[in-house]
Amino acid sequence: MLLALAVWMAGCVVMMADAVQVEVDVYSGRPNPRWTLSGDASAEVMRRLRALAREDGRAAQPDGLGYRGMLVHVNPAPPDLCATIRVAAGFACCEPSSTARDSGDASRSSASVCRRDVNRDVERWLIASGDRELDAALRETLKRALEP
Amino acid sequence: MFRIELDIYSGRPNPSWVLDEAEGSELVERLRAEPRMMGAVNDVTLGLGYRGYIVTALSEGGSWQRAGLPSQFRVIGKGGIDADASASWLLGTREVEIGEPTERIAQGAIEGHAKEPPPEVQPMAAPTCPIMQLTSDTDFSFWNNGSVQPFNNCYNFAANYRTDTFAQPGRRGGYTLPPASQLTCSNTMTGVTRDNWSTTCGLGPLRNLVICLVVAPGADFHFYRLCANGHWCHKPGSTPARNTDNSGNWITDPQFANRGPYTSLCGYRMGLVGTGTGNGFVVA
């Protein structure tokens, strides 16, 4: 009983310590919209990400001009996930580490740690979390991007 | 060969048909003559009713690829007299029955576009300066590393100048871009001009960077820069610098590149680099 309580409290401490920012990766010249989640929302998105099934191998993720997905920035980086997670096109993948970037291999298609975001549920949740942060035009862009 | 989809309905499937080889070749020539009629497939500014045509290449290696066209794009028939004439021509190539009401709606919209004023900024052909500053069209290691990539955007790359500030046109010259909803070619180019980019080539021994401004109207701006071997390169936001467009093709001319939502090609500018400034044009 005491052990279970300790494990539960440790989990709460880990979740409470995670400060999560969400970024819409869509622009080229202007900075992307970015907002900080509340404590409860931070815990919820981490729970959702951890619940996704791992995907072996590579997962193609969008790049180039236009909407490229939602970025989840976690500080400090949790041991079971990563500092920045790209949630896009049905997958949640770790962004290349600074080590990979320094070697010149910044290709997102080589991301090897991915989880499957079935029905793009987490992506939709992330977009909804920033409803007040987004202008009407961008909301429409994201709505179209989520259409099958 | 191309599939043509008349993008007009909301509830029913759009009519579509396939061009034959001769018609496909003619379409390519029409697009080369009037590239302004090409737009993004996912243009969110279009509403109900006639929204032009969605053109999809059905095979690789055709004349469309040699012309540098994307494999899928929209033809909206705006931009000039030739554009709406081509939109009418496309309507005439159909081999499917669309009904008189639909034909009337489409033709009416095409004729309406013919009466619209031309785009605010007339794009010019890419300039060729006698002395160019051309960086590699394949090696982007300077930009694509953890300490530079996240903090430098398309404008930094275009200027070949790292600031770690996500440089904005005009900021160096004391100009602030309007809110995103009001962003146009004109007011973005004002910022470019305030940063001292020029419309004419500079003379040696200084060398010229050549950049191209495009805009997603009411949303964002983007820049390309001419690199080695006649290829244009760019850096979409904080993502890696690259030499391909949204279709994965080399960019030999920004007019014909798949630019996603950056449908307005605003024009080209030159910046002198060399003595005292290294190989980059100072932006902020």
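The values are calculated or read from the model by the stated rules, or taken from the named source; none is laboratory data. In this text the structure is predicted, and so the values were computed from the model without any measurement. Here Cβ is always computed from backbone atoms with ideal geometry, including for glycine, and neighbour counts include all displayed protein chains.
Observations
- Criterion (modelled with pLDDT of 90 or more and of a type in the set (Val, Ile, Thr)) met by exactly one of B:THR93, B:THR138: B:THR138
- Verdict on B:ARG74 being at pLDDT 70 or above, surrounded by 15 or more Cβ atoms within 10 Å (Cβ to Cβ) and in contact with a Gly (Cβ under 7 Å, 6 or more places away or on another chain): yes
- Top-ranked residue of the stretch B:1-18 - restricted to ones that are charged (D, E, K, R) and crowded, with 16+ Cβ neighbours inside 10 Å, ranked as modelled with the lowest pLDDT: B:ASP7
- Top-ranked residue of the stretch A:31-71 - restricted to ones that are surrounded by 20 or more Cβ atoms within 10 Å (Cβ to Cβ) and of a type in the set (D, E, K, R), ranked as farthest from B:GLY218 (Cα to Cα): A:ASP63
- Test for B:SER181: is it part of a helix (DSSP H, G or I) and closer than 14 Å to B:LEU265 by Cβ: no
- Every condition in (1) under 18 Å from the mean Cα position of the chain (by Cα); (2) of a type in the set (Phe, Trp, Tyr); (3) crowded, with 18+ Cβ neighbours inside 10 Å is met by B:PHE281 except one, and the failing one is (1).
- Residues in the stretch A:74-88 that are buried (at least 17 other Cβ atoms within 10 Å of the Cβ) and not hydroxyl-bearing (Ser, Thr, Tyr): A:VAL74, A:LEU81, A:CYS82, A:ILE85, A:ARG86, A:VAL87, A:ALA88.
- Members of the stretch B:229-247 found to be at the interface with chain A (Cβ under 8 Å from one of its Cβ atoms) and in contact with a Pro (Cβ under 6 Å, 6 or more places away or on another chain), listed by number: B:SER238
- Screening the stretch B:172-183 for residues that are in contact with a Gly (Cβ under 8 Å, 6 or more places away or on another chain) and more than 16 Å from A:TYR27 (Cβ to Cβ) and picking the one that is nearest to the other protein chains (Cβ to nearest Cβ) gives B:THR176.
- For the stretch B:153-171, a residue qualifies if it is charged (D, E, K, R) and surrounded by fewer than 19 Cβ atoms within 10 Å (Cβ to Cβ), and the qualifying residues are B:ARG162, B:ASP164.
- Considering (1) surrounded by 12 or more Cβ atoms within 10 Å (Cβ to Cβ); (2) modelled with pLDDT of 95 or more, the lone condition that A:ASP18 does not fulfil carries the number (2).
- Scan of the stretch A:113-148 for residues that are touching a strand residue (DSSP E or B) at 6+ places or on another chain (Cβ under 8 Å) and assigned to a loop (DSSP other than H, G, I, E, B), ordered by number: A:VAL113, A:ASP117, A:GLY130, A:LEU134
- Hits in the stretch B:134-151 (condition: in a helix (DSSP H, G or I) and surrounded by fewer than 16 Cβ atoms within 10 Å (Cβ to Cβ)): B:PHE151
- Among the conditions (1) among the basic types (Lys, Arg); (2) within 25 Å of B:PRO236 (Cα to Cα); (3) at pLDDT 90 or above; (4) in contact with an Asp or Glu (Cβ under 7 Å, 6 or more places away or on another chain), A:ARG108 misses just one, which is (3).
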